[in-house]
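The values are calculated or read from the model by the stated rules, or taken from the named source; none is laboratory data. This one's a predicted model, so the numbers in the text were calculated from it and none came from an experiment. Cβ: placed from backbone, ideal geometry, glycine included. Neighbour counts: every protein chain shown.
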Amino acid sequence: MPSLYGALDAAASALDAQRTRLEVAVSNLANAESTRGAEGQPYRRRDVLLREAPIDAFDVALGSAGAVGVQVAGIVEDASPPKRRYEPSHPDADAEGYVALPNVEVPEEMVDMLGAARAYQANLTAMGLIRETIQRSLELGKP
């Protein structure tokens with residue numbers, strides 16, 4: 001049953017990747033109005049880069065297949081320019097009265113969060129089905 005265990009490992013790797021996506025989206029939302037970071041610049045939106053991660057190779061009747069998981073390749077900052085809002089009374093306003101705001105779009109972050117949450121749920125369901133299949137196959141071997 002190495003193939004089922006490989007599939008379980010692939011689903012587990014997806015849970016970790018989706019958790020990271022959720023954390024980054026929440027961080028982006030939390031900082032959607034942060035006009036000053038450690039460098040004195042507004043917060044920059046972050047995005048998660050994912051890549052495949054081979055888990056296990058196994059043979060099947062019709063050829064060769066392998067369980068492929070996913071892993072976080074990195075977290076990158078969005079290079080798009082900050083948004084500007086006219087607010088001359090703000091302490092971070094420039095000489096023209098504009099404040100540089102983070103390049104975070106709240107609706108986009110909400111969609112990213114929902115996508116990551118749905119993918120997380122789907123992988124939990126897959127893990128449950130795989131576990132159930134393993135248990136049933138072990139019961140077949142009992143006298």
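General observations
- In region 72-91 there is no residue that is of a type in the set (A, V, I, L, M), over 30 Å from LEU4 (Cα atoms), in a loop (DSSP other than H, G, I, E, B) and at pLDDT below 90.
- Here ALA11, ALA32 are screened, and the one residue that is at pLDDT below 95, closer than 14 Å to PRO102 by Cα and among the aliphatic types (A, V, I, L, M) is ALA32.
- Matching residues in region 16-35 - criterion: being outside any loop (DSSP other than H, G, I, E, B) and polar (S, T, N, Q): GLN18, THR20, SER27, ASN28
- Hey, ALA100 touching a residue at least 60 places away in the same chain (Cβ under 8 Å), more than 24 Å from ALA25 (Cβ to Cβ) and surrounded by 14 or more Cβ atoms within 10 Å (Cβ to Cβ) or not: no
- Test: ARG51 is surrounded by 13 or more Cβ atoms within 10 Å (Cβ to Cβ), modelled with pLDDT of 90 or more and not aliphatic (A, V, I, L, M): no
- Assessment of region 125-138 against the conditions (hydroxyl-bearing (Ser, Thr, Tyr), exposed (fewer than 12 other Cβ atoms within 10 Å of the Cβ) and closer than 29 Å to LEU15 by Cβ) yields at least one matching residue.
- Scanning region 110-121 for any residue that is closer than 24 Å to LEU4 by Cα, modelled with pLDDT under 90 and hydrophobic (A, V, I, L, M, F, W, C) turns up nothing.
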